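The values are calculated or read from the model by the stated rules, or taken from the named source; none is laboratory data. Given the structure is predicted, the values throughout are model-derived calculations rather than measurements. Using ideal geometry, Cβ is built from the backbone for each residue, glycine included, and neighbour counts are taken over all protein chains shown. Areas reflect the complete protein model, heavy atoms only, side chains present, ligands, DNA and RNA absent. Shrake-Rupley method; radii C 1.70, N 1.55, O 1.52, S 1.80 Å.
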Amino acid sequence: MESSYLASLFLFLCLGRASAAPELLNEEVKRTIDLSTHLAKVTVELSLANPAGSSGTASSFLLALDPGLESHLAYLGVQMKGEEEEENTLEIKETKVKSKSGKFFTVKLPSPLAPGAKIRLSIETVFTHVLQPYPTHITQAEKQFVIFEGNHYFYSPYPTKTQTTRVKLASRNVESYTKLGNPSRSEDMIEYGPFKDILPYSEDTLKVHYENNSPFLTITSMTRVIEVSHWGNIAVEETIDLKHTGAVLKGPFSRYDYQRQPDSGISSVKSFKTILPAAAQDVYYRDEIGNISTSHLLVLDDSVEMEVRPRFPLFGGWKTHYIIGYNLPSYEYLFNLGDQYALKMRFVDHVFDEQVTDSLTVKIILPEGAKNIHVDSPYEISRAADELHYTYLDTFGRPVIVAHKNNLVEQHIQDIVVHYNFNKVLMLQEPLLVVGAFYILFFTVILYVRLDFSITKDPAAEARMKVACITEQVLTLVNKRLGLYRHFDESVNKYKQSRDIATLNSGKKSLETEHKALTNEIASLQSKLKAEGSDLCDKVSEIQKLDSQVKELVLKSSMEAERLVVGKLKKDTYIENEKLHSNKRQELITKIDNILDAL
């Protein structure tokens, strides 16, 4: 065995020299396949050596994927482990190998590996949709079993000196498993190996059929919209299509059995937890029907935990659709230096534990006027053509970055950085638009009220306007005439104090002259109202009659004041008569005011 291995190794090294491939050796491989969830997580602890006597140093090495699993690869990461357990992530690029099909990757080493040197590496791969339910259909009372098919060996272009493989299952209930090399089993763990002197590209089917009731949830489609505002807010909304990709439910669903028996529908999903950023606020959870009130929100120190409970439990083959949205303060995610801005947010965020996203579309809506947009992504994404988004107070639209990626897992929860330029003067655009809109509105109302846009004349409307104009003049003249009486009262009071009859006669003459002129004007307006056929003519006539009575009382009061001054009337009698006249006069003026209010 030793001689055949050395011969194979020598042949491989010769072929490696001919093809200029690194002459490396997998000295020790510790492989762990975690099948405890609906994902297949393969972790390889690798001791990679450049054999002594090699032709030169190696600056990189080649990594291959199992042909049966390569189409399901979601994540691949390689880290170098130091002496103090420090990890250094290495650069990975996909490549091709002549005369070999499948997926190959070139991993760049942090420093060239000299002949005789070793390096410790940790290789992590995550595969989706590799656990196939068997049977594919189960009843509500049955448990879910799945089948995994992989490789007993570490699939590598280099020979492997020694290797062990550990398979971690979701339960101890195992129907069957392959028994290469007499593996040992303990509870939910199966250990294979150690295997010695394994040739490059070795394959041997590993198959496990076991019970797995973990949530087989898959996000079949997800649209994540991030709307950035320079007024201090970032709005995030996620539209999610969710499907249970486990064994399809066979037969009817019994709500009674589901609630009464704890193991009924054991593989179904009642609820799951979504982790939101710690600064998330105004959180909402809804679907086409409306708000879903069965959710619960728990605010923690470093996150906001939201329990998402669909309207119905999810069994195999069942789907649901919902929307989650929240607001974030922009100062935690948006940074700027002058007119240069950088938005740092997660490309995809946590939806549930061990999440799988088949298709993701991310739309980042930047402020109107953003230019020179550049995106830095921690992994490869597919950029679509930028779009424009229009909302209130927009003129030429907000730029929208559109990016797609398929087959994402939790390891893809990383930050994406969007760089762009924005002139801060543009922030005045929206307030100025509001001011301008109100100005135009008020100006339009002024024009509409003051201008006559009618094509033909309306005689009735013109008559009403004419009557209203005459009535306004009548009101002015009547009030002016009532003011004459107040001025005459002042003249009477001065006469009583000074006993100058000339003052009284002058006031009386002024009253007669002005009163006659105002009365004639009111009579003229009364005639116009009568000509227009308005019933207000009668009310004006009544005002004229009441005014004549008021004038009579005013003149009577002045005559008694004159008699008082010359001594022909006692003071007590004068006061009593004046009080009586004043009351009658006030009653008449009140009647006139009431008629004026009714005009």
> Going through region 572-598 one residue at a time, which ones are under 60 Å from the mean Cα position of the chain (by Cα) and either open to solvent by 90 Å² or more (accessible area, probe 1.4 Å) or more than 11 Å from GLU542 (Cβ to Cβ) (or both)?
Replying inline: ASP597
> Tell me, which strands (runs of 3 or more DSSP E) wholly within region 373-428 include 1 or more residues that are of a type in the set (Asp, Glu), open to solvent by less than 40 Å² (accessible area, probe 1.4 Å) and under 12 Å from VAL362 (Cα atoms)?
Replying inline: none
>> Considering only residues that are out of contact with any helix residue (DSSP H, G or I) (no Cβ under 7 Å at 6 or more places or on another chain) and open to solvent by less than 100 Å² (accessible area, probe 1.4 Å), which ones fall in region 460-473?
In response: ALA460, ALA461, GLU462, ALA463, ALA468, CYS469
>> Return the residues of region 177-204 that are part of a loop (DSSP other than H, G, I, E, B), open to solvent by 80 Å² or more (accessible area, probe 1.4 Å) and farther than 16 Å from LYS161 by Cβ; say none if nothing qualifies.
In response: LYS179, ASN182, GLU187, GLU203
> In region 205-238, which residues are open to solvent by less than 40 Å² (accessible area, probe 1.4 Å), more than 14 Å from PHE352 (Cα to Cα), touching a strand residue (DSSP E or B) at 6+ places or on another chain (Cβ under 7 Å) and of a type in the set (S, T, N, Q)?
Replying inline: ASN212
>> When the residues of region 248-274 are narrowed to those that are touching a strand residue (DSSP E or B) at 6+ places or on another chain (Cβ under 6 Å) and β-branched (Val, Ile, Thr), which ends up most open to solvent (accessible area, probe 1.4 Å)?
In response: VAL248
>> Of everything in region 82-102, what is open to solvent by less than 70 Å² (accessible area, probe 1.4 Å) and either out of contact with any strand residue (DSSP E or B) (no Cβ under 6 Å at 6 or more places or on another chain) or in contact (Cβ under 8 Å) with a residue 40 or more places away in the chain (or both)? Give them in sequence order.
In response: GLY82, VAL97, GLY102
> Do any residues in region 578-599 that are under 20 Å from MET559 (Cβ atoms) have Cβ atoms under 9 Å from those of residues that are assigned to a helix (DSSP H, G or I) and open to solvent by 40 Å² or more (accessible area, probe 1.4 Å), where the two are at least six apart or on different chains, and which pairs are they?
Replying inline: HIS581/LYS556; LYS584/GLN549; ARG585/GLN549; LEU588/GLN549
> What about THR178, is it more than 40 Å from the chain's Cα centre (by Cα), touching a residue at least 24 places away in the same chain (Cβ under 8 Å) and closer than 30 Å to MET80 by Cβ?
Replying inline: no
>> Quick check on region 155-166. Is at least one of its residues within 17 Å of LEU35 (Cα to Cα), over 40 Å from the mean Cα position of the chain (by Cα), modelled with pLDDT of 95 or more and of a type outside the set (Lys, Arg)?
In response: yes
>> Anything in region 282-296 that is open to solvent by less than 90 Å² (accessible area, probe 1.4 Å) and under 22 Å from MET345 (Cα atoms)? List them, or say none.
In response: VAL283, TYR284, TYR285
>> Which count do you get for residues in region 10-51 that are closer than 20 Å to ASP197 by Cβ and at pLDDT below 85?
In response: 10
> Which ones in region 351-360 are crowded, with 19+ Cβ neighbours inside 10 Å, part of a strand (DSSP E or B) and not β-branched (Val, Ile, Thr)?
Replying inline: LEU360
>> If I ask for residues that are free of Cβ contacts under 8 Å to residues at least 40 places away in the same chain and open to solvent by less than 50 Å² (accessible area, probe 1.4 Å), which ones from region 429-459 would you list?
In response: GLU430, GLY436
>> Quick check on region 73-89. Is at least one of its residues touching a Pro at 6+ places or on another chain (Cβ under 7 Å), modelled with pLDDT under 95 and among the aliphatic types (A, V, I, L, M)?
In response: yes
> Here are some residues: VAL78, VAL44. Which one is under 37 Å from the mean Cα position of the chain (by Cα) and closer than 22 Å to THR164 by Cα?
Replying inline: VAL78
> Between residues in region 339-350 that are surrounded by fewer than 16 Cβ atoms within 10 Å (Cβ to Cβ) and residues that are among the aliphatic types (A, V, I, L, M), which pairs lie under 9 Å by C-beta distance while being six or more apart or on different chains?
Replying inline: ALA342/LEU334; ALA342/VAL417; ALA342/VAL418; LYS344/LEU334; LYS344/ILE416; LYS344/VAL417; LYS344/VAL418
> Just wondering, is there one or more residues in region 491-509 that are open to solvent by less than 90 Å² (accessible area, probe 1.4 Å) and within 24 Å of LEU596 (Cβ to Cβ)?
Replying inline: no
> Can you name the number of the only condition in (1) open to solvent by 30 Å² or more (accessible area, probe 1.4 Å); (2) assigned to a loop (DSSP other than H, G, I, E, B); (3) modelled with pLDDT under 95 that SER171 fails?
Replying inline: (1)
> List, please: which pairs have Cβ atoms under 8 Å, are six or more places apart or on different chains, and start with a residue in region 542-556 that is over 12 Å from LYS584 (Cα atoms) and open to solvent by 30 Å² or more (accessible area, probe 1.4 Å) and end with one that is modelled with pLDDT of 85 or more and small (Gly, Ala, Ser)?
Replying inline: GLN544/ALA523
> Is region 474-487 home to any residue that is without any contact (Cβ under 8 Å) to a residue 12 or more places away in the chain, more than 30 Å from ALA531 (Cα to Cα) and either open to solvent by 50 Å² or more (accessible area, probe 1.4 Å) or in a helix (DSSP H, G or I) (or both)?
Replying inline: yes
>> If I ask for residues that are more than 19 Å from the chain's Cα centre (by Cα) and either farther than 17 Å from ILE373 by Cβ or in contact (Cβ under 8 Å) with a residue 40 or more places away in the chain (or both), which ones from region 394-414 would you list?
In response: THR395, HIS404, LYS405, ASN406, ASN407, LEU408, VAL409, GLU410, GLN411, HIS412, ILE413, GLN414
